[in-house]
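Below is one structure, written out as structure tokens; comments come after it.
The values are calculated or read from the model by the stated rules, or taken from the named source; none is laboratory data. Just so it is clear, the model here is predicted, and its values are computed rather than measured. Don't worry about glycine lacking a Cβ; one is built from the backbone with ideal geometry, like all the others, and counts go over all protein chains shown. With ligands, DNA and RNA removed, areas are computed over all heavy atoms of the protein, side chains included. Shrake-Rupley method; radii C 1.70, N 1.55, O 1.52, S 1.80 Å.
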Amino acid sequence: MQPSMDFDFAGLDALFSPRSIAVVGATDSPQRIGGIALDYLLRFGYTGRLHAVNPRSATVQGLPAHARLTDIPEPVDLAIVAVPQAHVAAVLEDAAAARVRSMVLFSSGFAETGAEGAAAQQALQERARAAGIRLIGPNCLGFMRPGHQTYATFSPAPNAGRVKPGRIGLISQSGAFGAYAYSMARERGLGLSLWATTGNEADVQLADGLAWLARDPQTDVIMAYMEGCRDGERLRAALALARERGKPVIMFKVGTSELGAAAAASHTASLAGNDAVYDAVFRQYGVLRAHTISDFFALAASASIAPIPRNRSLGLLTVSGGVGAMMADDASAAGLDVQPLSEAAQRQLLEWVPFAAPRNPVDITGQVTNDVTLLERSAELMMQDRNFASWLGFFAAGGLSDAFWAALRSLVEKLRAAHPDTLLAICTLCSDARRAEMEALGCLVFSDPSAAIRCIGALASLADAPLPPASPAQAALQLPAGSLSEARSMELLAKAGMPVVPHQLVRTQQQAAQAVQALGGTIALKVASADIAHKSEVGGVALNLRTAVDASAAFERILASARQARPGAQLDGALAARMVHGGVECIAGVHRDPVFGPVLMFGLGGIHVEILRDVSLRALPITRGDALAMVQELRTFPILAGARGKPPADLQALADALVALADFAQRCGDTLSSAEINPLIALPREQGGCVAVDALVIGADRCTDPARMSSAPTQGFA
């Protein structure tokens, strides 16, 4: 897994599990921000020690009022601060003097307002860190822990009805979305262990909340709403911790903007769009990404009710052949394995119902109306035969029938007892009370079979994501800033273990002519210049040169064309390379993402990457298994696998090449801006191997490269 990171869990414990709370800016009015949190804590039964701070009142809501935090005669774990921005610095100084351990800062007027507010927030962050105070906010709605009666918030949501305590943790960068999500959880009957909003994230980030929930014994499932991230390493460490602890993370990430084309010489930067990199990181860490609010809550509820499937096998039982076929189609699209029952099991089913469809999906037809024992007999036969990791039954409106419901409940009880690690789900119409009855047995209930399949497929994907590897310990490789020549790029990649095409640098017409014989066959000539990234655009490429005469003439022609198009470019001659015939043209590259560091990209070349944008991504480091998965997850993978009678490519060699490129990027560290191989030719498996035909390595500019510059202060997530 990723290297551990110091999340200061002791400080986060003081924040989220405070034994004593002081409300600074407390008022008697439960309708004002300074009074709402105190009202909640009193009304909802906070059991710790509670203090009010207000220099203009002797008492607040029945509590003695202190003028300052330093006047409280005992230690304070958490200060809830509801004062105008102009008074926050003074309150923080008092908190430092009083050795307050954590703070919730409702106050706005910081980075969300512009440069002046950002500077004030930076000063706030530095002072809190120096004082050892964990700070959530500013410009946030705070947090709630229903099971501990801790309501450090001024959100109006609890006034409309409180969420019951439960085992789902919910953390949001947005206060507005967080309040909406709280209400949605209440309406859907979901119980929460923690509800928290992080606001401007001057100190406590979404990642800190994720990490704390990963260790919280009262949390089984984590929901998170994200708008952006400034510390990719911290986020990855938190996701790795959740993965290690076996806690599913359901992420609702908004924003699909592309990275700026700062590295215009590389396809990799533009192809690795901001949202695509997040998506890749989520897949690497087994995060379930929800794309709709409905899926956000459905996945979280399902993960909290049913066991996570141990693999992708799925048994389908239905009373409708048409719905069975639809579920089979949906299961295939979701990557689930609907394996057929054995011949013996199929014969048994046909003995019971001669007109059944016995393979899988198993259709026992409407005969179940005459013989409800078919439910248990068929389901148990399926499980004994294949021991499916997930099982789904479709029973139409049977859940509305009292008699059928009794048989269905008995079926689920027996399946759960006999197969405790199997995900059980039924699809039927039923009342909310009956749904709750089934969920109490650990069985999911759906009204839409397609939604059921999508949910099972998403949960089953959690079994596919291994723990990410640790970064390899390798000697550092320092790159100079700016673009390297193709010859130098190829040299560096070859030393890193990347197979490169036979080539040589030629500086004269005579050397170009000699290269035909030296390289052994048809060659290509490409102008050699670190100042020219795209050689074909300046007429700097000549292909299929078979004779010394052809090569000599081509050398003079491409250099003259390059001089005319780019008169200021430094020309080092031309790179002569043996032509590669056959195989599949691919592209591979590494780009340093501003948030997550080096990101590896792979795709097919030509139209597939330029127009279809069919690429796979991984944040480094990767394993060889990751590299092979990158190749296989392309939509265009059938071309590499040997479509339409074409020979299959050497997939193992491609995986080795991707690992070599990834290791090269790791060794370069933050001196690398990007490295790209385009094309990388995947040769037929019978021929063996793959070969880099063209390469471009760009060293990071220490002053202007976006990957080397710190992120701008957040403008607020609320």
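Can you tell me the relative contact order of the chain? Whole percent, Cα pairs under 8 Å, sequence separation 6 or more.
11 percent
Using a basic spin-label model with each label point 7 Å from the Cα along Cα→Cβ, how many nm lie between THR369 and THR508?
Label at THR369, label at THR508, 9.5 nm between them.
Rounded to the nearest 0.05, what FRET efficiency is calculated for GLU93 and ALA176 with R0 set to 41 Å and r the Cβ-Cβ distance?
Numbers: r = 31 Å, r/R0 = 0.75.
Plugging the Cβ-Cβ distance into 1/(1 + (r/R0)^6) gives 0.85.
Can you give the charge dipole size of the chain about its Cα centre, rounded to the nearest 20 debye, using +1 on the beta carbon of Lys and Arg and -1 on the beta carbon of Asp and Glu? Intermediate values should be presented prior to the final figure.
Details: 60 positive and 67 negative charges, 88 e Å.
The dipole magnitude comes to about 420 debye.
Counting other Cβ atoms within 10 Å, which chymotrypsin sites (Phe, Trp or Tyr not before Pro) in segment 26-101 have at most 15 and lie in a DSSP loop?
Taking segment 26-101 and a limit of 15 other Cβ atoms within 10 Å, the loop chymotrypsin sites (Phe, Trp or Tyr not before Pro) found are PHE44.
Using a 1.4 angstrom probe on heavy atoms only, work out the carbon and sulfur share of the accessible area of segment 1-142 in %.
Working: 3190 of 6160 Å².
After summing per-atom areas, the C and S share lands at 52 percent.
Please report the net charge: other residues with Cβ closer than 14 Å to the Cβ of ALA214, K and R +1, D and E -1. It would help to have the intermediate numbers written out before the result.
Values: positive: ARG167, ARG215, ARG234, ARG236, ARG243, ARG245, LYS247; negative: ASP13, ASP208, ASP216, ASP220, GLU244.
Summing Lys and Arg as +1 and Asp and Glu as -1 gives +2.
Considering the options LEU462, ALA665, GLN687, tell which one lies farthest towards the positive end of the dipole of the chain, charges being +1 on Lys and Arg and -1 on Asp and Glu at the Cβ, about the Cα centre.
ALA665
Could you check the spin-label model distance between ARG644 and ASP464? Points 7 Å from the Cα along Cα→Cβ, value in nm.
2.7 nm
Given a cut-off of 32 Å, name the pairs among LYS164/LYS414; LYS253/LYS414; LYS247/LYS646; LYS164/LYS253 whose C-alpha atoms lie farther apart than that in the structure shown.
LYS253/LYS414; LYS247/LYS646
With every protein chain present, what is the per residue accessible area of the chain (1.4 Å probe, Å²)? Before the final figure, lay out the partial values.
On the way: 28360 Å² over 718 residues.
Roughly 40 Å² per residue, with all protein chains present.
How high is the relative contact order of segment 290-368, in percent, counting Cα pairs under 8 Å that sit 6 or more residues apart?
32 percent
How large is the charge dipole for segment 130-217, taken about the Cα centre, if only the Cβ atoms of Lys, Arg (+1) and Asp, Glu (-1) carry charge, to the nearest 20 debye?
Values: 8 positive and 5 negative charges, 76 e Å.
Here segment 130-217 has a charge dipole of around 360 debye.
Taking trypsin sites (Lys or Arg not before Pro) as candidate sites, keep only those in a DSSP loop with at most 11 other Cβ atoms within 10 Å, then name the longest stretch of the chain containing none of them. Provide the component values of the computation, followed by the final result.
Details: sites that count: ARG56, ARG702.
In short, 57-701.
Could I have the simple spin-label model distance between GLN517 and SER332, label points 7 Å from Cα toward Cβ, reported in nm to one decimal?
6.0 nm
Along the Cα-to-C-beta direction of ASP614, a point sits 7 Å from the Cα; which residues of segment 629-655 have their amide N less than 11 Å from that point?
633-641, 643
Please give the length that would be gained between SER29 and ALA123 if that part of the chain were fully extended, namely 0.36 nm times their separation in residues minus their C-alpha to C-alpha distance (nm, one decimal). Present the calculation step by step, with values, prior to reporting the outcome.
Details: separation 94, 0.36 × 94 = 33.84 nm, distance 3.15 nm.
Gain on stretching SER29 to ALA123: 30.7 nm.
Once you have the Cα-Cα distance between THR547 and GLN652, take 0.36 nm times their residue separation minus that, and quote the gain in nm to one decimal.
On the way: separation 105, 0.36 × 105 = 37.80 nm, distance 3.52 nm.
Full-extension gain reported as 34.3 nm.
For the pair ALA403 and GLN339, what calculated FRET efficiency results from E = 1/(1 + (r/R0)^6), where r is the Cβ-Cβ distance and R0 = 45 Å, to the nearest 0.05?
Details: r = 33 Å, r/R0 = 0.73.
It comes out at approximately 0.85.
Would you list, by chain and number, the lysines whose Cα falls below 18 Å from the Cα of LYS526, excluding same-chain residues fewer than 8 positions away?
List returned: LYS535.
DSSP beta bridges in segment 126-242, what fraction antiparallel, as a percent rounded to 5?
For segment 126-242, the DSSP antiparallel bridge percentage is about 35.
So between LYS495 and GLU413, what do we pick up on full extension, going 0.36 nm a residue minus the alpha carbon distance?
On the way: separation 82, 0.36 × 82 = 29.52 nm, distance 6.16 nm.
Length gained, LYS495 through GLU413: 23.4 nm.
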